Structure formats: structure tokens, C-alpha cells
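The values are calculated or read from the model by the stated rules, or taken from the named source; none is laboratory data. In this text, all values refer to a predicted model and were calculated from it rather than measured experimentally. Here Cβ is always computed from backbone atoms with ideal geometry, including for glycine, and neighbour counts include all displayed protein chains. Heavy atoms of the whole protein, side chains included, go into the accessibility calculation; ligands, DNA and RNA do not. Shrake-Rupley method; radii C 1.70, N 1.55, O 1.52, S 1.80 Å.
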Amino acid sequence: MNVIITGGTKGIGKAIGDLLLSKGHNISFCARSKDDVEALVEEWNKAYPDQMVIGEVCDMGVQEEVESFAVSVIHHMKQIDVLVNNAGVFLPGEILKEEAGALEQMINVNLYSAYHLTRKIAPLMTEQGSGHIFNMCSVASIKAYPNGGSYSISKFALLGFSKVLREELKPHGVKVTSILPGATWSNSWAGVDLPRERLMEANDIALSVVNAINMSPSAVVEEIIVRPQLGDL
Ligand SMILES: NC(=O)c1ccc[n+]([C@@H]2O[C@H](COP(=O)([O-])OP(=O)(O)OC[C@H]3O[C@@H](n4cnc5c(N)ncnc54)[C@H](OP(=O)(O)O)[C@@H]3O)[C@@H](O)[C@H]2O)c1
């Protein structure tokens, strides 16, 4: 299968890429850091020389860059089977106290990114009558957390987008899955003084993606809520 992952160089996106490559799939991914993109293309090409690995520098918060990324991926892969809208940014804060522009920035990266990329990729899937789109929401998509601020607003919106997309793509054979992870080890948690087992591993989220992909064409996992065993932080 040919898979697109946005924000693929670190954390959950990288874990999904690692797992899908290990199962023989081809990956296109993006991130903003050129060094990270180049390093990961080298790492994955070395580990999986017979599979396609395409890495592109792209700021998913900028519509023109999202659309160029889509054009390039379609050019290289021709058919797209899975799209993982994963790129996201978490700026903690409270609505009344966070910096001006926080909402706009997180709506751009956490919502519009998925909206614009999906509008370019989903038509290929409806045409082929198959495909699977994952939207990386959050438990903050269904519950307001302390210090969630505009992040939570953007993730509520992403879940809304995902639900609408599910209804629209239902008759076309294209699956849509919303993933709502709780706290998962990644850069966002760097420096937090907690025992390793208090948070989930990024690979736990990757496993849930693979499990959903492996269902028969007649079944779709609409929502996946995954939390640390000891609950939210
Ligand atoms: N970790 C958690 O606890 C948790 C919980 C619930 C939901 N989530 C969601 O899961 C997703 C991944 O989170 P993570 O914790 O794995 O994050 P992470 O470790 O910080 O990785 C984020 C990835 O996205 C890329 N990225 C960030 N902004 C981007 C942009 N504007 N354009 C393109 N790429 C961008 C980063 O690379 P560059 O910085 O080089 O661009 C990196 O590859 C996010 O949507 C997040 O909201 C995470």
C-alpha cells in the first residue's frame, strides 16, 4: 500500500511510518525540518531499500505548501491507499491568557492542514473506490482539559471535520478513522518528570492504525480512544 503521513519525522507519525514500513508498505511523509526529513529518508531507505520512501519539507500550516506536497506525492506514488493527517502543534495555555495568534496558528496546523490535504488526496480515493483516511485528533477533542486552551478548540474542530468526512466518503468505499490519543511520549512531553509507564508509547498509537487498516472492506473503525492505563494526566 502507498501511505502518506504528515509530520512523519518524530513521535506518533514516525512510529506509524516505522511500523507500516516494517509491514512492506511505501511511505511519503513531510515535516518542516529539512535536516530531519533528509536524515529519515536516509534511515528508512537503508532499512527498506526495496520500498518507496518520499520525504518532503512542507509546513502543513501553509495552504500553498500543503497543495505542493500533495501534487508531488501524487506524482511519485500515483495511487494513494492511506492518508494519515497527523501533523499537529500543541501550545499549552488558557483562552484568556495565551498569546494572541495561538488559536490561528493551531487552527492552521491542526485543522486546515488536514482539510486542504484531504481535498487534494480524497478525490483519488473516491475514484478508485477505496482508501483510508486517519485524522489524529486527541482526547482534547472531546473534553476540555486544564491548560488546553486553543489546542483543545482546534482538536474539537478536527474531530468535527473527521465526522463530516466519514459521512461524505461512506458511499465511496473510503474509510475515515478518528484517533483520539491521550498522553503519549513524544517531543511535546520532553523534560516532563514522570515514570515512563505513565504515558503511552507512540508505537501503541501506530498499532491501533495498523489494526484499523487490517479490517475487511465491510468494516470501518470510526473512532479510536486510547488512554494511558492509569488514565489522563
Ligand atoms: N503526544 C501526545 O500526547 C498526543 C496526544 C494526543 C494527540 N496528539 C497528536 O498527535 C499528533 C502528533 O503528535 P506528536 O506528539 O507525535 O508530536 P511531535 O513528536 O512533536 O511530532 C510532530 C511531528 O509533526 C511535524 N510537524 C509539526 N508541525 C508541523 C507543520 N506545521 N508542518 C509539517 N509538519 C509539522 C514535526 O516535524 P517538524 O517540527 O520538523 O515540522 C514532527 O515530525 C499531533 O497532531 C498531536 O496533536 C499527540
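Can you pull out the residues in the range 90-104 that are small (Gly, Ala, Ser) and crowded, with 16+ Cβ neighbours inside 10 Å?
Gly93, Ala102 - these are the residues of the range 90-104 that are small (Gly, Ala, Ser) and crowded, with 16+ Cβ neighbours inside 10 Å.
Suppose we filter the range 118-142 for residues that are of a type outside the set (S, T, N, Q), in contact (Cβ under 8 Å) with a residue 24 or more places away in the chain and either away from the ligand (no atom under 14 Å from the Cβ) or open to solvent by 50 Å² or more (accessible area, probe 1.4 Å) (or both); how many remain?
Looking only at that region, the number is 10.
Give just the number: which of (1) of a type outside the set (Lys, Arg); (2) within 13 Å of the ligand (Cβ to nearest atom); (3) at negative phi does Gly11 not satisfy?
So the condition that Gly11 fails would be (3).
Kindly list the number of the only condition in (1) within 23 Å of Val174 (Cα to Cα); (2) within 11 Å of the ligand (Cβ to nearest atom); (3) in contact with a strand residue (DSSP E or B) (Cβ under 9 Å, 6 or more places away or on another chain); (4) not acidic (Asp, Glu) that fails for Ser33.
(1)
In this structure, is Ser68 of a type in the set (Gly, Ala, Ser) and out of contact with any helix residue (DSSP H, G or I) (no Cβ under 9 Å at 6 or more places or on another chain)?
Yes.
What are the pairs, 6+ residues apart or on separate chains, where a residue within the range 185-203 that is more than 25 Å from Leu21 (Cα to Cα) has its Cβ under 8 Å from a residue that is modelled with pLDDT under 95?
Pairs found: Leu194/Leu233; Arg198/Leu233.
When both residues are 6+ apart or on different chains and their Cβ atoms are under 9 Å apart, which pairs have a first residue that lies in the range 149-167 and is within 11 Å of Asn135 (Cα to Cα) and within 12 Å of the ligand (Cβ to nearest atom), and a second that is of a type in the set (A, V, I, L, M, F, W, C) and open to solvent by 40 Å² or more (accessible area, probe 1.4 Å)?
What qualifies is Lys155/Ile142; Leu159/Ile142.
Quick one: in the range 57-105, of everything that is among the polar types (S, T, N, Q) and touching a residue at least 60 places away in the same chain (Cβ under 8 Å), which residue is farthest from Ala206 (Cα to Cα)?
Taking the candidates together, the pick is Gln79.
Quick grid of which residues meet (1) modelled with pLDDT of 95 or more; (2) within 16 Å of the ligand (Cβ to nearest atom); (3) open to solvent by less than 60 Å² (accessible area, probe 1.4 Å):
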{"residue": "Asp50", "(1), (2), (3)": "yes, no, no"}
{"residue": "Gly61", "(1), (2), (3)": "yes, yes, yes"}
{"residue": "Leu83", "(1), (2), (3)": "yes, yes, yes"}
{"residue": "Gly88", "(1), (2), (3)": "yes, yes, yes"}
{"residue": "Met106", "(1), (2), (3)": "yes, yes, yes"}
{"residue": "Tyr112", "(1), (2), (3)": "yes, yes, no"}
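Would you check which residues across the range 211-230 are touching a residue at least 40 places away in the same chain (Cβ under 8 Å) and over 26 Å from Asn2 (Cβ atoms) and list them?
Answer for the range 211-230, where residues must be touching a residue at least 40 places away in the same chain (Cβ under 8 Å) and over 26 Å from Asn2 (Cβ atoms): Ile225, Arg227, Pro228.
Of the conditions (1) open to solvent by 40 Å² or more (accessible area, probe 1.4 Å); (2) touching a helix residue (DSSP H, G or I) at 6+ places or on another chain (Cβ under 7 Å), Lys46 clears all except one; give me its number.
Tallying (1) open to solvent by 40 Å² or more (accessible area, probe 1.4 Å); (2) touching a helix residue (DSSP H, G or I) at 6+ places or on another chain (Cβ under 7 Å), Lys46 fails exactly one: (2).
So, in the range 143-161, how many residues would count as being crowded, with 19+ Cβ neighbours inside 10 Å and charged (D, E, K, R)?
1
Taking Gly24 as the residue in question, decide whether it is within 7 Å of the ligand (Cβ to nearest atom) and on the phi > 0 side of the Ramachandran plot.
no
Which numbered condition in (1) of a type outside the set (D, E, K, R); (2) in contact (Cβ under 8 Å) with a residue 40 or more places away in the chain; (3) not in a loop (DSSP other than H, G, I, E, B) is the only one that Ser208 fails?
If we test Ser208 against (1) of a type outside the set (D, E, K, R); (2) in contact (Cβ under 8 Å) with a residue 40 or more places away in the chain; (3) not in a loop (DSSP other than H, G, I, E, B), just (2) comes out false.
Determine whether Val164 is open to solvent by less than 40 Å² (accessible area, probe 1.4 Å) and either modelled with pLDDT of 95 or more or closer than 25 Å to Leu117 by Cα (or both).
no
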